[in-house]
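So the structure is just underneath, and the comments pick up after that.
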Amino acid sequence: MVEQYWELFALSLAGTVICVVMLVLGFVFAKKLFLNKKYGVVGLVLLSVILALVTALSAHHFILCCKDYSYVSDNTYIEAKAEMIEYTSVERDAENGLVVYRKPKFFLPERNEYIVLYTKDVEVGETYLIRYYPNTRICEIVDKVS
């Protein structure tokens with residue numbers, strides 16, 4: 001769980017920094033790279049929009065990681081019993097017919113709330129003892145209760 005947190009932290013920080021640097025360099029060298037070409041303005045606008053969106057997504061994940069930093073640095077987490085209700089994302093692979101279930105939705109009876117967590121190897125209707133970080137929603141299954 002901690003390793004997943006640090007991977008997300010590093011990737012989101014690197015994505016934010018790299019995209020911002022590329023965006024700035026794109027505008028600094030806009031005349032040389034884009035504006036001397038036939039459809040250069042369109043290319044500059046497209047690149048700017050794509051980089052701005054990737055920067056926003058990376059920054060969003062980085063902010064979530066910063067909110068959970070106190071949990072990771074103190075080696076704490078939220079632990080609760082939770083019943084797995086359903087998968088919120090089901091993808092079917094057209095080539096080989098495989099069905100991939102992702103983003104399980106849990107019901108926490110102690111708090112009377114539903115939460116979607118990122119974990120694997122859970123079954124619908126089963127109750128688990130889970131540990132998770134509240135903002136990044138990184139989760140690990142400790143034990144099967146039922």
Long-range Cα-Cα pairs in segment 1-79 (distance over 18 Å), rounded percent: 53 percent
Net charge contributed by nearby residues that have their C-beta within less than 12 Å of Lys144 (K/R +1, D/E -1): -4
Spin-label pair Arg92/Glu110, simplified geometry with 7 Å Cα→Cβ offset, distance in nm: 3.9 nm
FRET efficiency estimate (nearest 0.05) - Cβ-Cβ, Val28 to Arg102, R0 41 angstrom: 0.55
Among Val99, Leu53, Leu129 - extreme Cα towards positive end, dipole of the chain, charges at beta-carbon: Leu53
Charge tally in the Cβ shell below 14 Å around Val2, where Lys, Arg are +1 and Asp, Glu are -1, Val2 excluded: -4
Eligible lysines near Lys103 by straight Cα distance, threshold 30 Å, same-chain separation 8 or greater: Lys67, Lys81, Lys120, Lys144
Charge tally in the Cβ shell below 13 Å around Lys103, where Lys, Arg are +1 and Asp, Glu are -1, Lys103 excluded: +2
Size of electric dipole in segment 2-105: Cβ of Lys, Arg +1 and of Asp, Glu -1, about Cα centre, debye, nearest 20: 840 debye
Ranked packing of 75-88, 36-49, most packed first, by mean Cβ within 10 Å: 75-88, 36-49
Distance between segment 90-115 and segment 1-61 - C-alpha centres, whole angstrom: 31 Å
Label-to-label distance, nm, for residues given as Glu3 and Lys120 (7 Å Cα→Cβ offset): 1.1 nm
Residue (of Ala30, Gly15, Leu64) at the positive-pole extreme of the chain, dipole from beta-carbon charges: Ala30
For the chain: relative contact order, % (alpha-carbon pairs under 8 angstrom, 6 or more apart): 21 percent
Calculated P(r) of the chain - Cα pairs past 19 Å, %: 65 percent
Calculated FRET efficiency for the pair Val17/Glu79, C-beta based, R₀ 35 Å, to 0.05: 0.55
Within segment 92-146: Cβ-based charge dipole about Cα centre, in debye rounded to nearest 20 (Lys, Arg +1; Asp, Glu -1): 200 debye
Per-pair calculated FRET efficiency, R0 = 25 Å: Ala10 and Ala52 via Cβ, rounded to 0.05: 0.70
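Read the figures in this text as sums done on the coordinates, not as results from a lab. Computed from a predicted model, the values in this text were never measured in an experiment. Here Cβ is always computed from backbone atoms with ideal geometry, including for glycine, and neighbour counts include all displayed protein chains.
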